[in-house]
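The structure under discussion appears below in the form of structure tokens.
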């Protein structure tokens, strides 16, 4: 996917915790409280100074006790690992920012042509766990959109899981995931999400699941519409990109996931659609580039 030259979005909120600050990399472990001097807490340093003066020992010698070649080597190793991790995270953030910017440009244009105004969503990057207007979530939740605060939430470790667990590598597979969640934002702005929510509250579990499947497949179709429009605008697609997205759509189908986790498939429990359905609706949006082609709620079959 050609993304490096794309516009960066200003709507990415990075809430990931840094393991080491610049100061901590200079001074050692971040555990404990108080100012750190040579890897020793402030109170410990004062105690050593007093003991040194009492016994006639140079306090600076004691304070340097944590600066052995071994400790320096460990500190440098940690610093190097952190720098490598920071570079990788920055690249991921840059990529996500470009994809988000592309969705902004596409959906602003579509909304404007229909006489509506598009409201950009925020995309929150988190690590481990996060609190949203929809409640607390952790990495196991996977990427999600919260209509309560108009934000997409993404733990970037999911991209590793997409590659290893779901065997769906590739940057365009990752872009598909982002575009799908933005598709839910579009549904919220159009009032679709609220209508489905209201209908689900009046339905039994089986019918509510069917509504959820239609909502998710429409978001897949919207992701396809984005890919179509973004490629026409910036020629982002490269050889193999479409296959990457289709592979990702197939990998996260309910039937495939249930087969992996349960060993059998329970269709009535589907909430996102089968692999074949997800592939079909993404391709439909990609090929037609028209939101009118994404009405899963009136489709004779999914």
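Read-outs throughout are calculated quantities, based only on the coordinates presented, and are distinct from any laboratory measurement. Since the structure is predicted, the reported quantities are computational estimates derived from the model, not experimental observations. Because the Cβ atoms are built from the backbone with ideal geometry, glycine has one as well, and the counts that use them run over all protein chains shown.
Can you give the log10 of the normalised intensity I(q)/I(0) at q = 0.18, 0.21, 0.22, 0.24 Å⁻¹, computed with Debye over equal Cα scatterers of segment 253-302?
Values returned for q = 0.18, 0.21, 0.22, 0.24 Å⁻¹ are -0.62, -0.76, -0.80, -0.88.
Determine the equivalent ellipsoid of segment 145-212 by diagonalising the alpha-carbon gyration tensor, then write out the semi-axes as square roots of 5 times the eigenvalues, largest first, rounded to whole Å.
They are 27, 15, 10 Å, listed largest first.
Among 109-115, 247-253, how do they line up from the highest to the lowest mean number of other beta-carbon atoms within 10 Å?
Details: 109-115: 12.0, 247-253: 22.0.
So the order, starting with the most tightly packed, is 247-253, 109-115.
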